[in-house]
Amino acid sequence: MKIHIITAFPNLLRGPLDESIIKRSQEKKLVEIYIHNLRDYSEDKHKRVDDYPYGGAPGMVLKPEPIFKSIEFVLGQFNIKHPNLIFLTPQGKRYNQAKAIELSKKDHLIFLCGHYKGVDERVREYWQMDEISIGDYVLTGGELPALVVIDSVIRLIPGVISDIESAKTDSFYQKRLDCPYYTRPENFRGMKVPQVLLSGHHAEIKKWQEQKALERTKKLRQDLLRKDEKEKMIDDD
Ligand SMILES: C[S@@+](CC[C@H](N)C(=O)[O-])C[C@H]1O[C@@H](n2cnc3c(N)ncnc32)[C@H](O)[C@@H]1O
């Protein structure tokens, strides 16, 4: 997968993209990540990419020209006919694991990070962008949201994490929260690891993990349960 990130603040991205699983995915040549600095596409002699909003409002707005030019560069340079353009915005559709799974199947993704008050509205009107929000709160820029989406997508690409089954037991993959985990020591300050996990009995362990995942989901996230599971809960009460 080729991932393009269009941003006015490339330094916000570099550290996280060069660590842990995201770094390894690039080393294994499963993912290529390109950061495009909006300032490189500015027509302004001071390389400005923002300007005051018409009509007057507090804050600046990212100008349309550098954004159009950067997107056009990516499409031309990488011969992309049907772009998967993603605009990070608090006004977008709320991001979730189902969307991460959908995005992980694409051959490329192009992220546009807003900043200040956002982007000139003509960018949104002209480009057919998937608008994604990572939650109902406002961040300074789209860089952190882009990293959130990129991290969650990359870990789902086959070969990135050594055991993809591990990702499939994570919360939300199957409309469940994940089960609890324990590691050594067996007894920590009098708190013991559940006996079944030490039994070596794989079928029993799997049953326990599924049971705990269900209990936890019922307790913390009933909205994830299937309709019949919710109805059963009401009956049991
Ligand atoms: C300060 S915000 C602008 C918010 C905009 N004026 C509004 O209220 O909708 C600057 C940029 O940060 C990004 N951003 C902020 N919060 C976000 C969120 N919850 N999800 C995705 N992107 C977000 C967007 O790219 C946005 O253009």
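What follows is calculated from the coordinates using simple rules that are stated; it is not laboratory data. Quick caveat: nothing in here was measured; it's all calculated off a predicted structure. Please note: Cβ atoms are built from the backbone with ideal geometry, for glycine as well, and neighbour counts cover all protein chains shown.
Descriptive notes on the structure:
- Shape category assigned to the stretch 109-187 from the gyration tensor of Cα positions, a/c cut at 1.5: prolate
- Equivalent-ellipsoid semi-axes of the chain, from the Cα gyration tensor, Å, largest first: 42, 21, 17
- DSSP finds beta bridges in the chain, and of those with both partners inside it, around 20 percent are antiparallel.
- Protection proxy ranking, highest mean first, for peptides 96-102, 3-9: 3-9, 96-102, where packing is the per-residue count of other beta-carbon atoms within 10 Å, averaged.
- When Cys113, Cys179 are sorted by how many other C-beta atoms sit within 10 angstrom of their C-beta, beginning with the fewest, the order is Cys179, Cys113.
- Cross-link reach is defined here as a Cα-Cα straight distance under 18 Å, omitting same-chain residues fewer than 8 places apart; for Lys99 the lysines meeting it are Lys2, Lys168, Lys175.
- Of Val49, Val148, Val196, the residue with the greatest mean-square motion in the GNM of the chain, using alpha carbon springs below 10 Å, is Val196.
- Exposure proxy order (Cβ contacts within 10 Å, fewest to most) of Phe188, Phe87, Phe78: Phe188, Phe78, Phe87
- Going from the fewest other Cβ atoms within 10 Å to the most, the residues Met191, Met233, Met1 appear in the order Met191, Met233, Met1.
- Whether the stretch 32-145 is rounded, prolate or oblate, judged on the alpha carbon gyration tensor where a/c under 1.5 counts as rounded: oblate
- Restricting the GluC sites (Glu not before Pro) of the stretch 167-223 to loop positions (DSSP other than H, G, I, E, B) with no more than 13 neighbouring Cβ atoms within 10 Å leaves Glu186.
- Sequence-distant lysines (8 or more away, or on other chains) whose Cα lies within less than 21 Å of Lys45: Lys63, Lys69
- For the stretch 139-237: rounded, prolate or oblate by the Cα gyration tensor [a/c cutoff 1.5]: oblate
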